[in-house]
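Encoded as structure tokens, the structure appears first; notes follow it.
A short reminder: the numbers here are calculations on the coordinates, not readings from a lab. Note that this is a predicted model, so its numbers are computed, not measured. Here the Cβ positions follow ideal geometry from the backbone for every residue, glycine too, while neighbour counts run over all protein chains shown.
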Amino acid sequence: MAIDTTGTFWRGDDFTDLADYLREYQPGGYPVAQLKEMTCEQCGGGTFAVLVDDENGCAQARCLTCDDDVLIADSSDHWQDADPEDCACPCGGEAFQVAVGFALRADGEVRWVSVALRCTQDGTLGVYTDWKIDYSPSRHLLIGAT
């Protein structure tokens, strides 16, 4: 199904809609070249509670099936100084599908990371945080991205 743009918030039915939303958003003004759908490495689950810190540019996803925590992209470099906040949908839902988008430089290094979420309760789509990558090499962040 196509993204529903008729209401205040855009809504989608699945990861494809979330990926399309993130590509349309163009975090940092740059096109998303690669995407990664988060799935839990421990149990294969695909629904997460998410913490973000916009100030420090980092995010953590907690699998709602097995409670395994995963820091997103280079978040481990900043998490110690982070003051993360729980992500919540305007509907109050706190369970999400997660897409991580990567904008690239001309040389293939990562320029920008963004974290988009789809609420599993009502399908609301949103980019909850994004941050610039200002170092190189950074291609290691693309592991698992397509």
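Side notes on the structure shown:
- Amide proton proximity set for Thr120, modelled H, under 5 Å, gap of 5+: Ala95, Phe96, Gln97
- Peptides 38-51, 110-123, ordered by how many other C-beta atoms sit within 10 Å of their residues on average, highest first, read 110-123, 38-51.
- Per-residue ellipticity at 222 nm, computed for the chain from helices alone with -39500 (n - 2.57) per DSSP H run of at least four residues, works out to -2500 deg cm²/dmol.
- Pair Phe15, Gln42: separation of 7 Å Cα→Cβ label points (nm): 2.0 nm
- Distance between the 7 Å Cα→Cβ label points at His140 and Asp86: 3.3 nm.
- Distant-in-sequence amide contacts of Gln26, defined by a placed amide H-H separation under 5 Å and a gap of 5 or more residues or a different chain, comprise Val32.
- Using the Cβ of Ala49 as centre and a radius below 9 Å, the other residues enclosed give a net charge of -1, where K and R count +1 and D and E count -1.
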